[in-house]
Amino acid sequence: MSLSVTRAAKKAASELLGQTNRARYSQVDVKKIAAALNIDVIEGEFRVENGKDVSGLIKMSGKNGRPVIAVNTKEKPQRKRFTIAHEIGHFMLHGNEQLHIDQDFEFAAFRDSTSSLATSLKEIQANQFAAELLMPSDEIQEIIRSNFPKKDITEIINEISKTYNVSSLAATIKISALLGNA
């Protein structure tokens, strides 16, 4: 996977975040961002498809002609937020697709065999976009710098999870990616 591809996803998220009036070190209102982009967000129950849970989808033209993101009502609030951010990523980066359904997308970063084949490049990009939108790298790096080694890494993960209203897994992946690029 090309670094320029992930950089482009992060840059797009950072630019979009810069257009909001969100205070630094606070959670992003992904529904508000979707609304500003004229994207409707709905919740519904999804049936299991091919043994995989469907977390969400984006349809580029809904009933009213506007894009619509649908998220699974059965998911935890943090997962819903990541799903919405992820689908906004598809909208911003892959807007030419008419329908995109995501299954277990949060774990795409761990599927190295798939990633190396670039069969899930769009999923990786959307994950990068969502992670940057929800947890801006500069803020997370500052949290790590100001707290480590005073605090245990688990405490830092919990602080990020709480501050940005993301799952511990999402915070762990973000920190790992940042420390891997240090």
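The values are calculated or read from the model by the stated rules, or taken from the named source; none is laboratory data. Model, not experiment: these values are computed from the prediction. In this analysis, Cβ positions are derived from the backbone assuming ideal geometry, glycine residues included, and neighbour counts consider all displayed protein chains.
Which residue out of 8, 13, 70, 34 is surrounded by 14 or more Cβ atoms within 10 Å (Cβ to Cβ), under 18 Å from residue 173 (Cβ atoms) and either at pLDDT 90 or above or not polar (S, T, N, Q) (or both)? Break it down stepwise before answering.
Values: 8 fails: under 18 Å from residue 173 (Cβ atoms); 70 fails: under 18 Å from residue 173 (Cβ atoms); 34 fails: under 18 Å from residue 173 (Cβ atoms).
The match here is 13.
Note on the stretch 102-152: among residues that are loosely packed, with under 12 Cβ neighbours inside 10 Å and modelled with pLDDT of 90 or more, the one that is nearest to residue 23 (Cα to Cα) is 138.
Total residues in the stretch 82-92 satisfying the condition of being under 15 Å from residue 28 (Cβ atoms) and touching a strand residue (DSSP E or B) at 6+ places or on another chain (Cβ under 9 Å): the figure is 6. Quick one: would you say residue 56 is within 18 Å of residue 93 (Cβ to Cβ) and modelled with pLDDT under 95? It is true that residue 56 is within 18 Å of residue 93 (Cβ to Cβ) and modelled with pLDDT under 95. I'd like to check something: does the stretch 156-165 contain any residue that is outside any helix (DSSP H, G or I) and among the aromatic types (Phe, Trp, Tyr)? Scanning the stretch 156-165 turns up no residue that is outside any helix (DSSP H, G or I) and among the aromatic types (Phe, Trp, Tyr).
Of everything in the stretch 160-182 that's free of Cβ contacts under 8 Å to residues at least 40 places away in the same chain and farther than 18 Å from residue 76 by Cα, which residue is surrounded by the most Cβ atoms within 10 Å (Cβ to Cβ)? Before you say what the answer is, go through the steps one by one.
In the first step, residues of the stretch 160-182 are kept if they are free of Cβ contacts under 8 Å to residues at least 40 places away in the same chain; the result is 160, 162, 168, 171-172, 175-176, 179-182.
The next check asks that each one be farther than 18 Å from residue 76 by Cα; those that pass are 175-176, 179-182.
Working: 175: 20, 176: 11, 179: 12, 180: 7, 181: 10, 182: 6.
Among them, the one singled out is 175.
Being within 22 Å of residue 141 (Cβ to Cβ) and under 17 Å from the mean Cα position of the chain (by Cα) is a condition met by at least one residue of the stretch 62-80.
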